[in-house]
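These notes concern the structure reproduced below.
The values are calculated or read from the model by the stated rules, or taken from the named source; none is laboratory data. Remember, predicted model here, so these are calculated numbers, not experimental data. When we count neighbours, we look across all protein chains shown, and the Cβ atoms used for this are built from the backbone with ideal geometry, even at glycine.
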Amino acid sequence: MPPLPALLISVAIGYFSGALPWGLWLGRWFRGVDVRTLGSGNLGATNVYRTLGAGLGIATMVLDMLKGALPVWALGATPLAASFPGGAEWCRLAVGFSAIAGHVWTVFAGFQGGKGVATAGGVVLALSPFAFIVSAGVFVVTVALTRYISLGSILGAVTFAVTLAVRSPAGVASPTFAFGALVALLVVARHKENIARLARGEERRFALRSGKSS
């Protein structure tokens, strides 16, 4: 396949996979509500967990991760990746970023999606399981110590980029590191309101029981 069609097809598959608004759909299917009218109004797993319960929150997180991981795994192992400009590595990175962008700016919900953390986590898992384990560990420890999901998400994203720089033979010259840095910047930007609340001491803390965040 010529490079340009391979690029367009790969990016489209990544975007539409990431754009699937599972938090919105699960809320409608199982509770008859639009999660955008509840809590923070976000479509992500944290708001679903807080407003609709642990079951739907965890289901949203898993599905949001899968919609990032599956297209990266699937397309990276197909002949399409070989036709992609730059080869299979660039194909995986483009598909992964497209999936994250699809979640953040989903065409199925007026281009107003979630913050991209769970979907980015799925992409990270597909690209580098080791980096995923390290960044997930930082996320879990941060949330356990502070009970701030936002802080854990930010530090986990930054850790992913740093881990890629350390692990890659090319270091910061690696395109995968550049991808990780771009994703970290996107996650931080999507949490700008949370960062402002953290600075003011007004950020809500996460509680294991839904509906009990302080």
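Restricting to the range 65-100, and then to whatever is among the charged types (D, E, K, R) and more than 13 Å from the chain's Cα centre (by Cα), can you tell me which residue is modelled with the highest pLDDT?
Narrowing the range 65-100 to residues among the charged types (D, E, K, R): 67, 89, 92.
After this cut, where a residue has to be more than 13 Å from the chain's Cα centre (by Cα) as well, the list is 89, 92.
Values: E89: 88, R92: 92.
Within the range 65-100, the match that is modelled with the highest pLDDT is R92.
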- prompt: Are any of the residues in the range 190-198 closer than 16 Å to G121 by Cβ and buried (at least 18 other Cβ atoms within 10 Å of the Cβ)?
  reply: yes
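Working only within the range 137-149, note down all residues that are farther than 11 Å from T163 by Cβ and buried (at least 17 other Cβ atoms within 10 Å of the Cβ).
From the range 137-149, those farther than 11 Å from T163 by Cβ are 139-149; that's our starting set.
Of everything in the range 137-149, those that are farther than 11 Å from T163 by Cβ and buried (at least 17 other Cβ atoms within 10 Å of the Cβ) turn out to be F139, T142, V143, R147, Y148, I149.
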task: From (1) buried (at least 17 other Cβ atoms within 10 Å of the Cβ); (2) more than 30 Å from F177 (Cα to Cα); (3) of a type outside the set (A, V, I, L, M), pick out the condition that doesn't hold for W90.
output: (2)
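Pick from the range 39-51 the residues that are polar (S, T, N, Q) and either more than 13 Å from G114 (Cβ to Cβ) or surrounded by fewer than 21 Cβ atoms within 10 Å (Cβ to Cβ) (or both): which of them is modelled with the lowest pLDDT? Show your work before the answer.
If we filter the range 39-51 for residues that are polar (S, T, N, Q), which is where we start, we get 40, 42, 46-47, 51.
Subset that is either more than 13 Å from G114 (Cβ to Cβ) or surrounded by fewer than 21 Cβ atoms within 10 Å (Cβ to Cβ) (or both): 40, 42, 51.
Numbers: S40: 86, N42: 89, T51: 94.
So, considering only residues that are polar (S, T, N, Q) and either more than 13 Å from G114 (Cβ to Cβ) or surrounded by fewer than 21 Cβ atoms within 10 Å (Cβ to Cβ) (or both), the one modelled with the lowest pLDDT is S40.
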task: Would you please list the contacts, defined by Cβ atoms under 9 Å and residues six or more apart or on different chains, that run from a residue in the range 22-48 that is in contact (Cβ under 8 Å) with a residue 60 or more places away in the chain to a residue that is loosely packed, with under 15 Cβ neighbours inside 10 Å and assigned to a helix (DSSP H, G or I)?
output: L24/F108; A45/I58; A45/V62
query: Given (1) under 19 Å from V188 (Cβ atoms); (2) without any contact (Cβ under 8 Å) to a residue 60 or more places away in the chain, where does A59 come up short, assuming only one miss?
result: (1)
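So, of the residues in the range 1-38 that are modelled with pLDDT of 90 or more and not in a helix (DSSP H, G or I), which turns out to be surrounded by the fewest Cβ atoms within 10 Å (Cβ to Cβ)? Outline the logic, then answer.
Quick first cut of the range 1-38, residues modelled with pLDDT of 90 or more only: 8-38.
After this cut, where a residue has to be not in a helix (DSSP H, G or I) as well, the list is 19-21, 32-34, 38.
Details: A19: 22, L20: 20, P21: 27, G32: 7, V33: 13, D34: 13, L38: 16.
So the residue we want is G32.
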field: Looking only at the range 52-64, and only at residues there that are more than 15 Å from the chain's Cα centre (by Cα) and surrounded by fewer than 23 Cβ atoms within 10 Å (Cβ to Cβ), the one that is nearest to S17 (Cα to Cα)
entry: L56
- prompt: Just one of the numbered conditions (1) at pLDDT 95 or above; (2) touching a helix residue (DSSP H, G or I) at 6+ places or on another chain (Cβ under 7 Å); (3) within 30 Å of Y148 (Cβ to Cβ) is not true of V62; which one?
  reply: (2)
